[in-house]
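For reference, the structure discussed in these notes is given below.
The values are calculated or read from the model by the stated rules, or taken from the named source; none is laboratory data. Keep in mind it's a predicted model, so treat the numbers as computed, not measured. All Cβ positions, glycine included, derive from the backbone under ideal geometry; neighbour counts span all protein chains shown. These area figures cover heavy atoms from the full protein model, side chains too; ligands, DNA and RNA do not enter into them. Shrake-Rupley method; radii C 1.70, N 1.55, O 1.52, S 1.80 Å.
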Amino acid sequence: ERGCAMSDIAHVPPGLLTLEQWDALELDPTRRWELSEGTLTMSPRPDLWHQRISKRLTRLLDDHLPDGLEALPEIEVITRAAFPPSVRDPDIVVVPDRVFEHRPARVAATDVVLVVEIVSPGSRGTDHVMKLHEYAAAGIAHYWIVDPEAPADDRFLAYRLDGDVYRRATALDAGRVRLNEPATMDFLLEDLTGRG
């Protein structure tokens, strides 16, 4: 996941990037870019199956979230504004309606209720370890990981912030996902990953 396309390397300033330098970069839009403690990281755009899961879960969230919250795909989240900064691009972000008032280019982690990562080949360690720690440290209340290739009991993981660390919440049982926060939801995991 780490690294960048050769055509982009020449345009990246040396050393750790600031948020201002990140904003000034003109990067290949066919790739997915993040800033991890000032270091530029790149991954391929998600494949079709990944995108279908994202679309279906975004729709489910929008159908079940309480008024005042909205689910959006691929919105940049500042998880660390201080130098060296981190900016993540989660698959789905749930934010309150008030964040739209100022038309921000990205949102601060303090305005995020839930982040969802859908694991792709090559992102498992980042999603399950690095981002688990980073999102918790940023104070994001809920973190879900959808991992279609994991063992059956680990294909949908829900975490709830407890102090400054995440605690795993019971969410998946025999292929059915049941959650009460940040929305009351009950659906078959196959509804996301299958042909339904």
Inset, instruction - Could you list all residues from region 108-134 that are out of contact with any helix residue (DSSP H, G or I) (no Cβ under 8 Å at 6 or more places or on another chain), farther than 17 Å from Asp164 by Cβ and of a type in the set (Ser, Thr, Tyr)? - result: Ser123, Thr126
Legend entry - Residues of region 121-135 that turn out to be within 23 Å of Gln51 (Cβ to Cβ), in contact with a Ser or Thr (Cβ under 8 Å, 6 or more places away or on another chain) and not in a loop (DSSP other than H, G, I, E, B), as a count: 2
Inset, instruction - Would you be able to tell me the number of residues in region 133-154 that are at pLDDT 95 or above and closer than 26 Å to Asp62 by Cβ? - result: 12
Inset, instruction - Could you figure out which of (1) surrounded by 14 or more Cβ atoms within 10 Å (Cβ to Cβ); (2) assigned to a loop (DSSP other than H, G, I, E, B) isn't true of Val177? - result: (2)
Inset, instruction - Report, by residue number, each residue of region 137-151 that is in contact (Cβ under 8 Å) with a residue 60 or more places away in the chain and either hydroxyl-bearing (Ser, Thr, Tyr) or not in a loop (DSSP other than H, G, I, E, B) (or both). - result: Val146
Legend entry - Spans of helices (runs of 4 or more DSSP H) in region 1-119 with at least 3 residues touching a strand residue (DSSP E or B) at 6+ places or on another chain (Cβ under 8 Å) and open to solvent by less than 20 Å² (accessible area, probe 1.4 Å): 48-64
